[in-house]
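Working notes, structure below.
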Amino acid sequence: MSFTKQDIYNALETITAPGEGKSLVENKNVTNVVIFGNEVNVDVAISNPTLQAKKKIETEIIKAIQTNVAKNIDVKVAVKVEKPAPKENPNLIRGKEIPNIKNIIAIASGKGGVGKSTITANTAISLAKMGFKVGVLDADIYGPSQHIMFDVAKEKPLSVNVDGRSKMKPIENYGVKLLSLGFFTNPDQAVIWRGPMASKALKQLIFDADWGDIDFLLIDLPPGTGDVHLSIVQSLPINGAVVVSTPQNIALADAKKGVAMFQQESINVPVLGIIENMAYFTPEELPNNKYYIFGQDGAKNLAEDISTQFLGEVPLVQSIREAGDVGHPVALQEGTVLEEAFQNITKEMVAQLLKRNANLPPTEVVRITTMSGCSVVKK
């Protein structure tokens, strides 16, 4: 049996560094390889200090070498935990751009229950009907719903080999590629995770996926302003954000905070505009009647007050809820008022994005090193 150090490195190229989208070798986790006859010693450095992470990387290295080089090699792995070295000039960081994805749009809401996921699903389908290549990342870790709205709740993403590394292949339906934590969790169990664990899972959905060529990646964020939001803006150079609200004052107060989060000096993600959902109620038997149950023009007035574009309004119609529940969003309809509403909102969003891309440089990834970086008060 004869093998070289390069054979070992080639085998290690098949292992993906967790949350990085690169191999252990490419990510420079492998610090040394020494061969003594039939024995191979591998030194590897990781940033995760947990025993589970150490054991996992050790098992993967042994398996990769014995599978790809020779099964009777005696592999010894020394795992060292190192803090990632600070960048010399943090202002030059642009974030880990996902190859072949042109535009990333975060869709947020300051308050839960305003229909943000419904807006995301229908906007994605409207973009696909306009001829764009679209992906949706369901970043609502604790309450994923996109897999239900796209009628793929029972599907499971497959593992595909990309340049020698294993990646997740998003599920596709209605011309939209989709990844959601809902594919990997039991629907009867709650996800009870602390912030760091949720952020780690989210990064794996982002970087360990084979998205292919995408014109728009829409990120369905959870409500509020918290760990997941910071993880997104720290991980990706987002082109712009869209905020969803209902017209009522309580929802508008939280929507204003959502806009303020993106506009903070330490975050500085351009806000493309505000969408008003459940703007008015129209009964099926009285299609020309409008009942302003939650107030009138609240989001429109808010957009004007904070100098943000109003992207449009969506009525409160029973068929929108019914279509979402059965996994057939109303934007799939042809020649209806609802299809037109989502089409107009999507066109306005794209128009604002084009203006943003023409007038502003690429968004830098956020670099927050202290809690003061998250402060509402400007330091």
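The values are calculated or read from the model by the stated rules, or taken from the named source; none is laboratory data. Since this is a predicted model, take the numbers as computed values, not measurements. Backbone-built Cβ (ideal geometry, glycine too); neighbour counts: all protein chains shown. Protein only, heavy atoms only, side chains kept; ligands, DNA and RNA dropped before computing areas. Shrake-Rupley method; radii C 1.70, N 1.55, O 1.52, S 1.80 Å.
Structural remarks
- Net +/- balance of residues flanking K111 in space, Cβ distance below 11 Å, scoring K and R +1, D and E -1: +2
- Placed amide H near V152: partners under 5 Å, 5+ positions off or other chain: none
- At the residue level, I62 shows approximately 40 square angstrom of accessible surface with a 1.4 angstrom probe and all protein chains present.
- Sum of side-chain charges, L354 neighbourhood, beta-carbon under 14 Å (Lys, Arg +1; Asp, Glu -1): +2
- Pairs beyond 21 Å (Cα-Cα), from K256/K347; K56/K76; K154/K177; K116/K154; K116/K300; K133/K169: K256/K347; K116/K154
- Maximal additional length on extending the K56-N32 stretch stands at 6.8 nm, based on 0.36 nm per residue less the C-alpha distance.
- Taking amide H positions as modeled 1.01 Å from N, with prolines and chain starts lacking one, the residues under 5 Å from K177 and 5 or more places away or on another chain are V134, G135, V136.
- Qualifying aspartates and glutamates (Cα of each under 17 Å from Cα of K129; at least 8 residues distant if same chain): E172, D213, D215, E334, E339, E340, E348
- Cut-off under 5 Å, modelled amide H: who pairs with A209 long-range: M168
- Note on N41 and N186: the model spin-label points, each 7 Å out from Cα along the C-beta direction, lie 4.5 nm apart.
- For V79, net neighbour charge (Lys/Arg +1, Asp/Glu -1) across residues whose Cβ lies under 14 Å away: +1
- Anisotropy class of the stretch 279-369 from Cα gyration tensor, a/c 1.5 cut: prolate
- Gyration tensor (alpha-carbon) shape descriptor, the stretch 209-338, a/c threshold 1.5: oblate
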